[in-house]
Structure formats: structure tokens, C-alpha cells
Amino acid sequence: IPICTNQGVNSANRGRCNTTEVHAQNPTLTGEAQRISRALHPRIPRYSHFETDQKRLGLTGSLQVRPFDSTLLTIDAMHATFEANRDEWEIEAISFSRARNGLPQTDIYNYEIDDEGTLIKGTFNDVDIRSEHRFDELKTEFNQLNFTWDQNWSDRFSSKVLIGSSKSQLKNPEQTTFTFESYDVDGYSYDYSDMTAPKFNYGTSSTGCTPDQACYWTYAATVPSGQPELPGDASLIRLRPQGVTNKFDTAKIDLKYDLTDNFTLKGGVSRKTYVFTSFEARRTLNGASADENASGAIATAINGDITKYSQTVSVGGNTYLIPNLDAIRSDFDYNCNCTNQWGQFTVNTTNAGARGNNRYAKEVSEGWFVQLDFRGDVAGIPYRGNIGTREVETSLNVRGLRGGTSNGIEVVSVERSYKDSLPSFNLTVEPFSNLFIRVAAAKTMARPTLLQMVPGGGDLDATSATKTVTTGNPYLDPVRANTQDLSIEWYPDRDTLVTLAFFRKDIKTYIQSVRSEILMTELGYDPLDYGLPANQTVQRTQPINTPGGELKGWELSLQKPFTFLPGILSRTGGIFNYTNVDSDIEYYTSPTATTTTREKLLGLSPKAWNTTIYYEGPQVSGRVAFAYRDSYLSALNPGSSADFWGKNETFNIDAQISYKVNNKLTFIFEGINLTNEPDDRFVAYNTPYGNTAQDLLYDYSESGRQFYLGFRYKH
């Protein structure tokens, strides 16, 4: 834990502690000093605030032509754009994130450590504070064009041809971050007694100023003498333009032939091509965070008039200054992609920090299917269903950049293919009138994301004691599962539905990231380039296939109009469903583990329910929707002592009301997240030092209520 304790002295009147006062790993620490050093604390405690100015445009069109009674030709087109300018500002204590090079140098007093080993509140001296302002210019454009040909060749034989293409392009031409710093702040404090509303006090700077005053801040081109020499501790100019393009092309032919009145044979072939390309550029200087530091010329100019180049903001009851990007951009033209009198602002995609985000992947799936539909009755009990299989071959071509080798920057390319056979069976019987029993079984698969499969990953971090590298894994197999489903559906009248369903999935393989030790040479790196031994190993983090596990559960649904109620209430109704799921997935929770740990499936809530109450009148219609979701695990970080991260339970209320003026014009008013439900995320710890906190705050944010007013016109 990077907090220096002076052997547990608890006093506000302290000078800067020295770098020989070490932390949890030092066996010489005992008593209260050891207890403080081993306590959990927030890594970067901060407030964040986002403001987004956005606009959308959506256009759809469809043209149908029936040249003959048996022929239908359809063209569907869609165009959509989404543009947004987003400002983000934060104030944070960066000292608590330092955990290497013997540089904690922060003093603690007036603190409290709870029974779970968490430093829930404390006051600190010699804390380095940062305020930052990030601006993103974003635009996404989506275009899609489909052609469909439906043809009846005879009373029994028909076909359908689909040819389509879509393209989505995200452009982020400006992603800029500027920061101000304040070094050696005294009296900084945080209080996490209420995890949903932590309190911060940013103390006073060495000049005796507070965060809302210009004299509190500096724009530092270099770290002042006596400060920790860590990359990124000086002020930053981050220039990271980037973008992503996704292109999807599909072509398929489906055939249908009625063998008899009770049997129909279906089949078809398809080809789908998915191409993913991403790029990121960073400043041309050669390095990592240090390349983003401010230039001396800009620092001199800004420090000469901090007031001019800052703006006042308020978040969480704290008022402070952040860089004013409009003023800085206007005077210093940092967005020019050039070298000017203020510094070098060129960017390129081969910069060490950018290489990992310059990726290409092409996935082609070719397949065919055959299916037999059947219907009939046995002893007066109707039945219907189908049985069939889909055979698919997936071909993959992925490329990424790798740097730091003897040959400089290399393109790593991998091609491979794999096949899947996906049989399925569905059967529905009606033992009683309006009562249906459905059973289904199938083999399913979900392909890895193309991001997970791109090799390369940027540069090897060979400067730390533990050499690390993060890469994709082009040899990942899909998540495969055998599924079984059973449902009972009852329609007591034409408007009422009661459903009880049971399901089970035997997940044969799952995907998670793990860290493993591997020789540098096996990854294509020459240890001699880094001045390291020829047999040097590194810790590689990459996604792998794991054993999977079982998922099972049940769901109850009810849909009922309240026609039995008197008067206007007879136009109301309700829709309700409840889902209960139990899952046991095998995870590797340690970089060196050879055995697995069972936990819930990521992203899956054990319990969830939804209720909608509606009113349908001749002119006015409305509905209120209530949605509850149990807490769930969202991420896995093996080897960090915080293996699982998650999101706490949520309860959302949305509403919509519409007014029909006439048969052509209808007005609509909609409210989303009416209770301003927070996004409350947590981290669970179980460390070798006895920390057992299971619900520590990771992020707590409120997006606010959203209201929309629109109209629908039919001509």
C-alpha cells in the first residue's frame, strides 16, 4: 500500500516522510504501522463530471415491387448519424496510485480502519492533486442497404434471396486531455463511511491556497525537485485521435418445399463477412506517459496567467479550477498535428502507446442448414415442431502491431479456421385447448469478439520489476453450450397469457483473461534489446478458453388486461415476468492457478423482474414500467486480490404517454429513469493480508432523468 506511515506516528505536524519508509511488503513493519500499510484504500479517489451535447438523425426507406403475383422485390435502406461533443472534468489525488520505485511519500493522520481492513477515512499531508479536463468530438455514421427477393415457384416450392451490406464508422478526431497539478498539499482528506456519497477535502497547497484559486495550481512541464519521478506526474497534454469501422456483408438463399400437408423441408446456404478496423494516434515523441507531458514553452505561458487558461467548475459540493481547453486551443493550436513555437504536436499510429489500438480483423462464416418442419396429432393431441442442423465454417484473418523487437515495429498476422455443427430440435404439443407444452434442445455457439482475437498488443513493459505484456489470442474458440428448454403456456382467453419456463445450459467452454509466464523470445521479443538475460520471462495477460459450467433457471410471465374492473379502469392491464437463474462457472482467479474457482456468470443477475401497467384509451394511452435487477458480477481481474468486480442492484421506472389527435397525428411524451437510479459498482477483495471487504466502491454515478417529446404522423 503506497502510504508512508513513519512507523504509525499519528500527527498532523509532520514533514515529508522519506523513501526508506516502506509499505506492506517490508517485514520490518509491525504494529500500527503494519496495519496502516496493509489497509485497503482507494487508488484514485475522485469526482467525475460529464456533459454531452448530442444530436441524432435517422432516415429509413423501403421500396416494394410485385412485378408478378408470385414475385416480391424489396429494397430497404437506412442512414443514421450520431454526433456528440463531450466534456469531462475531474479532480483527483494521484499520490495513492503510486506503488513502485519506493515513492509513496504521503503522511497519514486522523484515520479509521474498519474490521474488513479498509482505510475508510483519513487525513493526509504531502498529497499531489490533479485536475483534468478532457474533450471528445465524436461522430458515428451508419448506412445499411438490403435487397430481398421472395419467389413462389409453385404452390409447394418457394425461395428467398437476401443480399445486404452495412457499415458503421466512429470518428473521434479530437480526444484531448489537459491537467493542472498541485504538489505537497496538506490537509487532504477523504471519508468513505457512506460508500454512495464519499466526502473529499482538498486541503491547502504549499502556497496556502485552495482548489478554487489559481495559486493552488501549476502547469508543470517537469516534476519539481523532490517529487516522485513517475511518468505522468507532470502535467499532461494527451492527444489521442482514434476511430473504429465495422463492415458487415451478408448473402443467403433459403428454400422451402412442402413435401406433404404435414411435412415441410427447408434448407439454405449463407455467407457472412465481418470486417473490423480500429486506429489510434498519439503524440510522435517516443515513449509512454512521459510523451504526454507539457512542453516548457506552454508551461511558462500558462503559469504566467493561470486565471486566463482555467475555468471554474463545481462537482460534489467542491468548487475548483480545471484547464480551459477553448482558451488553450486558441492560443497554442495544440490540435494542428504540427510542430510550432509551443512544442511538438504531431501524432502517428506507430507511437508506443498507440500500437495496441491499431487493429484489423476479418471474419468470414460460410454455412448451410437443413430443417424438417412437421405437424400432426396423436390420439387427438395436436403437435408441431422441427428438427435440423446448421453447419458453419468460420475463417479468421487478424492483424496487430508489435513494437520493441530487433526489427522495430512488426505486423503480427494470423489466419485460422474452425467448424461447428449446430443441431436443434423443437416440439410443441397441445394436450388441452389453449394449453401448450414446448420442449427444445440445441447446440449453440457464440464467437469471441474480434478485439479479443487480435494479436500484437503494443509494447512490452520491461521497465518494471515484473515484465508485462497484454495481447489478444487469435486461437480462441467460441463459447459453446448444449441447451435444453421446457415451457408451459396457457391462454385462458384471447388477451391473457400465463407462461412458466425452465431452462438449462451446459456451457462447455468460456472465455476469460489470465496472466501466465512465458519467455520473451516466444513472443518475438529479443531480451538483448532491453539489456535483459537471454532467458528472460514476462507476465503475459491474454484471453483463454476455460472449462465453463452450468446455468439453469426458471421464468414466470403473466399478461392480463383488467377488463373485469369498472369504468375507465377496464381499459388498463398489466404485464409481469420474474426470472430466477443459478450459474456455476469455472474461473481461474490466480495467474499461477491450476485449479478453478466457481462463481456466477459475468453479467447475469440471479434474480430479475419487470412489471408494466398500461392504459389503452381511444385517444390517450400510457404505460409505466418497473424493472428490478439483482446485483451481478461484471468483470474478472485474476491475481489482483480483487478477483471479481460487479454492479449492485438497480430499480428503474420509465413511463410513456401518447395522445392521438386524429388518425394521422399522435403526440408522444416519454420519461426514462424517473427516479434517477444510480450506476453503483463495487469491488470485492480477499488479500493475503486479511482484507475481506466485498462491497467497496468502484464507481457511483448518476445519469439523470431523461424526457422526450415527439410526434408521429401518417399520411
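Tabulated data
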read-out	value
Residues with amide H under 5 Å from that of ASN473, placed H, sequence gap 5 or more	MET453, VAL454
Per-pair calculated FRET efficiency, R0 = 45 Å: VAL378 and ARG86 via Cβ, rounded to 0.05	0.15
Among GLN619, THR546, PRO561 the positive-end extreme of the charge dipole of segment 540-629 (Cβ point charges)	GLN619
Label-to-label distance, nm, for residues given as GLU677 and ALA297 (7 Å Cα→Cβ offset)	5.3
Theoretical gain in end-to-end length, ASP526 to ASN337 [0.36 nm per residue, Cα-Cα removed]	64.7 nm
Solvent exposure ordering (accessible area, 1.4 Å, most first) of ILE568, ILE163, ILE507	ILE568, ILE163, ILE507
Nitroxide proxy distance, nm - points 7 Å out along Cα→Cβ at ILE613 and ALA327	5.3
Charge-dipole axis of the chain as Lys and Arg at +1 and Asp and Glu at -1 on Cβ define it, positive-most pick from THR692, TYR587, PHE200	TYR587
Solvent exposure ordering (accessible area, 1.4 Å, most first) of ARG56, ARG240, ARG355	ARG56, ARG240, ARG355
Contour minus Cα-Cα distance for ILE163 and PHE50 (0.36 nm per residue)	36.6 nm
From phi via Karplus (6.51, -1.76, 1.60), per-residue ³J(HN,Hα) for segment 428-441 in Hz, x at Gly/Pro	10, 10, 10, x, 9, 4, 6, 10, 10, 10, 10, 10, 8, 8
By accessible area with a 1.4 Å probe, ligands and nucleic acids excluded, highest first: order of ILE237, ILE657	ILE657, ILE237
PHE644 - accessible surface, heavy atoms, 1.4 Å probe, Å² rounded to 10	20
Efficiency of FRET between GLN64 and PHE248 - r from beta-carbon atoms, R0 30 angstrom, step 0.05	0.80
Net charge of Cβ neighbours under 14 Å - reference GLY574; Lys, Arg +1; Asp, Glu -1	+1
Extension gain (nm, one decimal) between THR30 and PHE425, 0.36 nm per residue minus Cα-Cα	135.7 nm
Whole-Hz couplings from phi, Karplus 6.51/-1.76/1.60, listed for segment 133-139; x for Gly and Pro	10, 10, 10, 10, 9, 10, 8
Structure-derived mean projected area of the Cα convex hull in nm² - corresponding label in (1) 39.0; (2) 33.6; (3) 48.0	(1)
Neighbourhood net charge (15 Å Cβ-Cβ; Lys/Arg +1, Asp/Glu -1) for PHE667	+3
Portion, in percent, of the accessible area of segment 235-280 that falls on carbon or sulfur, probe 1.4 Å	59
Taking the chain and dividing mean pair separation by its residue count, relative contact order in percent (alpha carbons under 8 Å, at least six apart)	7
Cβ-placed point charges (K, R +1; D, E -1), dipole of the chain about Cα centre in debye, nearest 20	2040
For TYR47, residues with placed amide H under 5 Å, excluding near neighbours	ILE91
Summed side-chain charge close to SER634 - residues other than SER634 whose Cβ falls under 10 Å, Lys, Arg +1, Asp, Glu -1	+2
Part-to-part distance (alpha-carbon centres) for segment 310-360 and segment 407-439, which is given in Å	45
Mean residue ellipticity (222 nm) of the chain, computed from DSSP H runs ≥ 4 via -39,500 (n - 2.57), nearest 500	-1000 deg cm²/dmol
Euclidean distance between Cα centres, segment 98-172 to segment 685-715, Å	13
Phi to ³J(HN,Hα) by Karplus 6.51 cos²θ - 1.76 cosθ + 1.60 over segment 310-316, Hz, x for Gly, Pro	9, 9, 8, 10, 9, 9, x
Estimated dipole of segment 263-411 in Debye, rounded to 20 [Cβ of Lys and Arg +1, of Asp and Glu -1, Cα centre]	460
Entries in LYS121/LYS308; LYS362/LYS443; LYS171/LYS664; LYS55/LYS199; LYS55/LYS160 that, when Cα-Cα distance is taken, lie over 31 Å	LYS121/LYS308; LYS171/LYS664; LYS55/LYS199; LYS55/LYS160
Interchain or long-range residues, amide H under 5 Å from LEU601's placed H	SER583, ILE585
Top positive-direction residue, dipole computed over the chain with Cβ charges, set ALA297, ASN648, LEU259	LEU259
Sulfur and carbon atoms: percent of accessible area, segment 282-417 [1.4 Å]	46
Virtual spin-label span in nm between ASP493 and TRP554, 7 Å along Cα→Cβ	2.8
Accessible surface, segment 317-434, averaged per residue in Å² (probe 1.4 Å)	49
FRET efficiency, ILE75 to LEU259 (Cβ-Cβ, R0 35 Å, nearest 0.05)	0.60
Accessible area expressed per residue, segment 515-672, with surrounding protein chains retained (probe 1.4 Å, Å²)	52
Area of PHE50 that stays accessible when all protein chains are in place (1.4 Å probe, Å², to 10)	120
Three-way shape label, segment 555-646, alpha-carbon gyration tensor, a/c 1.5	prolate
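The values are calculated or read from the model by the stated rules, or taken from the named source; none is laboratory data. Just so we're clear, the structure is a prediction, and the values are computed from it rather than from any experiment. Heads up, the Cβs are rebuilt from the backbone with ideal geometry, glycines too, and the neighbour counts pull from every protein chain shown. We work out accessible area using only protein heavy atoms, side chains counted, and drop any ligands, DNA or RNA first. Shrake-Rupley method; radii C 1.70, N 1.55, O 1.52, S 1.80 Å.
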